[in-house]
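Trainee: First the structure, then my questions, so here it is.
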Amino acid sequence: MRQPSSVEVGKPQLHLPGAIALIVGIVIGAGIFETPSLVADNIGSTQGVIGVWLLGGLISFLGALCYAELATTYPHVGGNYYYLQRAFGQPLATLFAWARMTVIQTGSIALLAFVFGDYASQLLPLVGYSPSIYAALAIVLLTGLNILGLRHSGRAQTWLTSALILGLLLVIVIGLALAPAATPAATVSFGQAPAWGLALVFVLLSYGGWNEAAYISAEIAPPRRNIVRSLLWSIGIITSIYLLVNLAYLRGLGVVGMANSDAVGAELLRRTVGEPGAMLISLLVVLATLGSINATIFTGARTNYALGQDVSPLSFLGKWQPGPGAPTAAYVLQAAIALALVGLGTFTRQGFETMVDYTAPVFWFFFLLSTASLIILRSRDPNRLRPFQVPFYPAVPLLFCAVCVYLLYSSLAYTGVGALLGVAVLGLGLPLLHRDFSRPLRR
C-alpha cells in the first residue's frame with residue numbers, strides 16, 4: 001500500500017473533552033444491539049454476562065495503551081499497515097492489506113448488513129430469507145451510491161449517529177425504569193458449559209474501534225498527561241454504557257429472553273411498551289446501521305485502491321474513475337466479496353454470528369502481530385523519542401499479546417465453518433508475499 005516516506009505531524013490541538021468524545025463516537029456502534037443476545041447464549045448466567053462485559057472493557061484499555069505508544073511514536077496514516085511494515089517487513093504488511101480487503105473490512109460490511117437486515121425485518125418482514133435480502137440490498141445500494149459519487153454529508157452522518165445514541169438511551173431508560181422485571185434466573189442451563197472465549201470474541205467486537213481511535217493520540221495536547229486520561233475516560237464511559245444496556249436487557253428479558261432473541265433491543269421495547277416501541281427502536285437501529293455500512297464501504301474501497309497501486313497482480317484496483325471521482329473497480333470487488341459473505345451467512349442460517357466467525361481469527365492474528373511490533377520496535381529503535389510509553393512495560397504488551405493468543409485460539413476452536421473459510425481466504429493471499437509482488441510499484 002503506497003504510503004508517504006514520512007508524515008509530518010502538526011502541533012497537537014485535540015484537548016481532553018474532544019478526544020473523549022471522538023473515541024466514544026468511533027467505538028460505539030450498532031453491534032451492541034446484536035451481540036448481547038449471543039453473549040447471553042454463550043454464558044447463560046446474569047453474573048457471567050455482566051462479568052464478561054467488564055472484562056472486555058479492561059482488555060480494551062490494556063490494548064489501547066499499547067496502541068497509544070505506537071501511534072505517538074510512529075504517527076502515520078498507514079496505522080497497522082505501517083507498524084507491521086517497520087517491524088516485520090513489506091511482505092507481511094501486504095498480507096495485512098489483503099486481509100483487510102478480503103476478510104476484515106468486507107466481513108465487517110456483511111456483519112453490519114446483517115444487523116440492518118435483522119432490524120429492517122422487524123419493520124417490514126419479507127418472504128423467505130428476509131434479513132439476508134435486506135443485507136444484500138443495503139450493500140448493493142450503498143455501493144452504487146458511492147460509485148456515483150454520492151456520499152452522506154457530515155450532517156447526515158451526525159444525524160445517523162444521533163439515532164444510535166437515542167436508541168441506546170431508550171433501551172437503558174425503558175429497560176431499567178419502565179420494564180417489569182423478568183423472572184429471576186441467576187443461572188440458566190443451556191445444556192453445555194459456558195463458552196467464555198467465544199463470548200469474549202463477541203464482547204470485544206462491540207468494543208472494537210478503540211484501536212482506530214488510538215491513532216488520534218498524536219493530536220492530543222498535552223500528550224503525556226491526556227493520552228491515558230482520554231483512554232481511561234472514554235473506555236470507562238463505553239464500558240458503563242454497555243453495562244447499562246445489558247442490565248436493561250437482563251431486567252426486561254432475563255438471560256433466556258436475551259439468548260432467544262434475534263433483535264434484542266426490539267424485543268425489549270415490544271414487551272415493555274408494545275409494538276410501536278419495537279418499531280421505533282428498529283427504525284433507529286436501521287438508520288444508524290446504514291451510516292456504519294456506508295462509512296465502512298467508503299474507507300474499505302480507498303484502502304483497496306491503495307493496495308492496487310502498490311501490488312502488481314491487483315493493479316486493476318488502483319484505477320480512479322475521474323467522472324464520478326471514485327475507485328470503481330475497488331468498490332465493485334468489495335461489494336462482490338461482501339455479497340458472497342452474505343450468501344455464506346444465509347447458507348449457515350446464522351448470518352451475523354457467521355460473519356463474526358469469519359473475521360475473528362484473522363483480526364486477532366494481526367492484532368497479535370501489531371502488538372508484538374511494539375516490543376520489536378522498542379528493541380530495534382531504542383533511541384526513538386516516545387511521547388507516551390506503555391506503563392509497566394513489558395508486562396502490559398505481553399499480557400495483551402497473551403489475550404490475543406487466547407482469542408485467536410477461541411475464534412478457531414469454538415466457531416463454525418466461517419472461521420475456517422476466513423483463514424483459507426487469508427491463505428489465498430500468501431502468493432502476494434513474493435518479493436516481486438509485495439514491493440511497491442514504481443511510479
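Trainee: Restricting attention to the range 299-328, and to residues there that are more than 17 Å from Ala99 (Cα to Cα) and modelled with pLDDT of 75 or more, which single residue is farthest from the chain's Cα centre (by Cα)?
Mentor: By that ranking, first place goes to Phe316.
Trainee: Looking only at the range 75-101, which residues are open to solvent by less than 10 Å² (accessible area, probe 1.4 Å) and under 19 Å from Gly209 (Cα atoms)?
Mentor: Result: Gly79, Tyr81, Tyr83, Leu84, Ala97, Ala99, Met101.
Trainee: Now for a separate question. Taking the range 399-415 only, how many residues are over 16 Å from Thr354 (Cα atoms), among the aliphatic types (A, V, I, L, M), open to solvent by 40 Å² or more (accessible area, probe 1.4 Å) and under 19 Å from the mean Cα position of the chain (by Cα)?
Mentor: The qualifying residues number 1.
Trainee: OK, next. Which of the residues spanning the range 282-292 are of a type outside the set (Gly, Ala, Ser) and open to solvent by 30 Å² or more (accessible area, probe 1.4 Å)? Can you show your working first?
Mentor: First, pick out the residues of the range 282-292 that are of a type outside the set (Gly, Ala, Ser): 283-287, 289-290.
Leu283, Leu287, Leu290, listed by residue number.
Trainee: Separate question: What about Val39, is it at pLDDT 90 or above, of a type in the set (A, V, I, L, M, F, W, C) and either closer than 24 Å to Ala163 by Cβ or surrounded by fewer than 23 Cβ atoms within 10 Å (Cβ to Cβ) (or both)? Break it down into steps so the answer makes sense when it comes.
Mentor: Values: at pLDDT 90 or above: yes; of a type in the set (A, V, I, L, M, F, W, C): yes; either closer than 24 Å to Ala163 by Cβ or surrounded by fewer than 23 Cβ atoms within 10 Å (Cβ to Cβ) (or both): yes.
It is true that Val39 is at pLDDT 90 or above, of a type in the set (A, V, I, L, M, F, W, C) and either closer than 24 Å to Ala163 by Cβ or surrounded by fewer than 23 Cβ atoms within 10 Å (Cβ to Cβ) (or both).
Trainee: Within the set of pairs 6+ apart or on separate chains, which have a first residue in the range 134-155 that is at pLDDT 80 or above, a second that is open to solvent by 90 Å² or more (accessible area, probe 1.4 Å), and C-beta atoms under 9 Å apart?
Mentor: Every condition considered, the pairs that remain are Tyr134/Leu124; Gly144/Leu150; Leu145/Arg151.
For every residue, the table says whether it meets (1) surrounded by fewer than 22 Cβ atoms within 10 Å (Cβ to Cβ); (2) without any contact (Cβ under 8 Å) to a residue 40 or more places away in the chain; (3) in contact with an Asp or Glu (Cβ under 8 Å, 6 or more places away or on another chain).
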{"position": "Leu280", "(1), (2), (3)": "yes, no, no"}
{"position": "Asn294", "(1), (2), (3)": "no, no, no"}
{"position": "Ala301", "(1), (2), (3)": "no, no, no"}
{"position": "Asn304", "(1), (2), (3)": "no, no, no"}
{"position": "Phe316", "(1), (2), (3)": "yes, yes, no"}
{"position": "Trp320", "(1), (2), (3)": "yes, yes, no"}
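Trainee: Right, another one. From Gly351, Gly418, grab the single residue that is touching a residue at least 60 places away in the same chain (Cβ under 8 Å), surrounded by 22 or more Cβ atoms within 10 Å (Cβ to Cβ) and in contact with a Pro (Cβ under 7 Å, 6 or more places away or on another chain).
Mentor: From the options Gly351, Gly418, the qualifying one is Gly351.
Trainee: Only one of Leu287, Leu247, Leu280, Leu253 is under 22 Å from Ile26 (Cα atoms) and among the hydrophobic types (A, V, I, L, M, F, W, C); which? Reasoning before the result, please.
Mentor: Details: Leu247 fails: under 22 Å from Ile26 (Cα atoms); Leu280 fails: under 22 Å from Ile26 (Cα atoms); Leu253 fails: under 22 Å from Ile26 (Cα atoms).
So the residue among Leu287, Leu247, Leu280, Leu253 that is under 22 Å from Ile26 (Cα atoms) and among the hydrophobic types (A, V, I, L, M, F, W, C) is Leu287.
The values are calculated or read from the model by the stated rules, or taken from the named source; none is laboratory data. Treat the numbers as computed from the prediction; the structure is a model and nothing was measured. Glycine also receives a Cβ, built like all others from the backbone with ideal geometry; neighbour counts cover every protein chain displayed. The area values use the complete protein model at the heavy-atom level, side chains included, leaving out ligands, DNA and RNA. Shrake-Rupley method; radii C 1.70, N 1.55, O 1.52, S 1.80 Å.
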